[in-house]
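What follows is a short report on a single structure.
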Amino acid sequence: MTATDLTAGSGSADGLRATGLRRSFPHPGGDVDVLRGVDVTVGAGELVTIAGRSGSGKSTLLALLSGFDTADAGSVLIAGEPVTADVPWQRCALLPQALGLVQELTAGENVALPLRLRHVPDSEVIATTTELLAALRLDGLSDRYPPELSFGQQQRVALARALAPHPTVLVADEPTAHLDAGTVPAVLSVLRAHADGGGAVLVATHDDAVHAIADRRLDLTGGVIARVPDTHGGTVAENVLR
Ligand SMILES: Nc1ncnc2c1ncn2[C@@H]1O[C@H](COP(=O)(O)OP(=O)(O)OP(=O)(O)O)[C@@H](O)[C@H]1O
């Protein structure tokens, strides 16, 4: 097995395929090379996690994968097509750490936004929004504005918004970071369901509970990605179930 085989994983080209990503940032003491040639593939139907110490570049990588930032070198393809800054949410949705909820819209309106922008019929918008808010244990909070919600509640609203257009690729940055133990299972359940329904899901996380539901776990260290070795020859999820 070559290094490329190891880091690329088993995902098909239907999902996300990033190759040779490099990103540096200028600093007074000289450029900092955060990503030094990252290869990631997440196939349709796969949930892959990325671990890595704080500052290792996970958020930087997710921004490149979702078109929010541009790599100095390398390519990102979704279902075989290059990612651009205006990639539609139904092709790639990002749940960023900063959430990016529209403060002037209610929770329900935020979730509905990607569907409204695509002129999805009202009945479908209402059904999807209601279903996602319930799945994420946000029933009864649909009419609240973001400042009237806890950060953990806002985080789940942002996840619901990312999922609403049924994106081909979902990229989530620390989706359980601000949740209590009681609400984590709901988030894990919708992430897993999105992958099981054919989505490609990539999650940056420090949370072992998220790694436990992953098909594969990657580690970002020294600006490159490696799959975390396991002792059983199976996936992380398979080994947790042993
Ligand atoms: N816009 C920027 N300008 C300069 N440096 C940046 C910029 N964005 C990120 N960095 C630097 O890139 C490195 C990686 O940051 P990043 O936020 O991607 O790490 P992370 O792995 O997501 O960390 P955490 O787990 O704490 O969220 C850090 O050293 C950070 O200071």
> Averaged per residue, what accessible area in Å² does the chain show with a 1.4 Å probe, protein chains only?
Replying inline: 46
> Tell me, what is the percent relative contact order of the chain, built from C-alpha pairs under 8 Å that lie six or more residues apart?
Replying inline: 27
> Assigning unit charges at the beta carbon (Lys, Arg +1; Asp, Glu -1) and nothing else, what dipole magnitude in debye, to the nearest 20, does the chain show about its Cα centre?
Replying inline: 280
> If amide H atoms are built 1.01 Å from N in the plane of the peptide, which residues on other chains or at least 5 residues away come under 5 Å of the amide H of ILE225?
Replying inline: ASP39
> Once the Cα atoms of helix 122-135 and of the chain are each reduced to a long axis, what angle between those two axes, in degrees from 0 to 90 to the nearest 10, is obtained?
Replying inline: 70
> Summing Lys, Arg as +1 and Asp, Glu as -1, what charge do residues with Cβ under 11 Å from the Cβ of PHE25 carry, PHE25 excluded?
Replying inline: -3
> If eta is 0.890 mPa s and T is 25 °C, what Stokes-Einstein diffusion coefficient results for the chain, Kirkwood Rh from Cα pairs, in µm²/s?
Replying inline: 135
> Where does each of 122-131, 65-74 land if you order them by average Cβ count within 10 Å, highest first?
Replying inline: 65-74, 122-131
>> Quick check: net charge around SER54, other residues with Cβ under 13 Å of its Cβ, Lys/Arg +1 and Asp/Glu -1?
In response: 0
>> Antiparallel versus total DSSP beta bridges in the range 3-238: what percent is that, nearest 5?
In response: 55
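The values are calculated or read from the model by the stated rules, or taken from the named source; none is laboratory data. Predicted model, so just to flag it, every value in this text is computed and none were measured. Positions of Cβ are backbone-derived with ideal geometry, glycine not excepted, and every protein chain shown enters the neighbour counts. Ligands, DNA and RNA are excluded from the accessible area calculation, which covers all protein heavy atoms including side chains. Shrake-Rupley method; radii C 1.70, N 1.55, O 1.52, S 1.80 Å.
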